[in-house]
Amino acid sequence: MGRRLPQPRDIHALALRRPGPVTVSTGLSAPAALRNRQPILEVLERHGPTRGTLLEIASGTGQHAVWFGLHLPNLSVQPSDPDPRHRSSIDAWRQESGCENVRAPLAIDVLSADWERNPALPRPIAAVVCINMIHIAPWEAALGLLRGAGALLPPTAPLILYGPYRRDGQHTAASNAQFDRQLRAHDPRFGVRNLERVAEAAASEGFSLEEVVSMPANNLSLILRKSHSLTTADPHSRA
């Protein structure tokens, strides 16, 4: 079965599966988020911090942020998104979940210069996670994400990226190749990125690729760890 372009939908009675009483959300729902939130949580449990602030870039509907907050109670989760409709959805999920360790969403656009200097960002940031963003945005968004995360994170802190990737220039599944064609037809600046190119761009911002974790539905999680020293690379060629 081929992939489809992400299309969140409005719902008015979706159960938020958590211990205790069932609640409902009037936020947006992305079916993929319901499928992948637990595998991504397991990656965070293994590779992420046990305390501090987890910054999520491009939080979308808010389903991931609330899921992480519910299951990582010692973390403070800071969602963000440039789209006001998404921020309203994040707030709906956050408020109706009763999850007190999920902060109000911030308007952060990684295409903006110096987004990491937003005075509303809590500091320090212990980790950054970005789910299904860099393939549905211009390559410059990936570069902005890496640059800002490199400036925010202390040594040894992780940046975790989730989504489909090409490896050695080749798609890892036929469904990913079809998805890539759909993305590029929608916007030539979009597309499934080369893992090696992302790792090279990350290295220029002080990250090393610690591990590549295979995920369901032909996705990968990239565990990028902030290094103590920078390496030189030219990240600006197209992925």
If you count the DSSP beta bridges with both ends in segment 16-162, what percent of them are antiparallel, to the nearest 5? 5
Contact order relative to length for segment 29-226, counting C-alpha pairs under 8 Å separated by 6 or more residues, stands in percent at 19
Extended-chain gain in nm, criterion 0.36 nm per residue less alpha-carbon gap, Q170 and D187: 4.1 nm
In terms of the ratio Rg/(2.2 N^0.38 Å) built on C-alpha atoms, what value belongs to segment 29-226? 0.95
Regarding segment 133-184, what is the average projected area of its C-alpha convex hull, in nm²? 4.3
So S112 and E100, fully extended at 0.36 nm per residue minus their Cα-Cα distance, gain in nm 1.4 nm
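Coordinate-derived values only; no laboratory data. Please read all numbers here as calculations on a predicted model, not as lab measurements.
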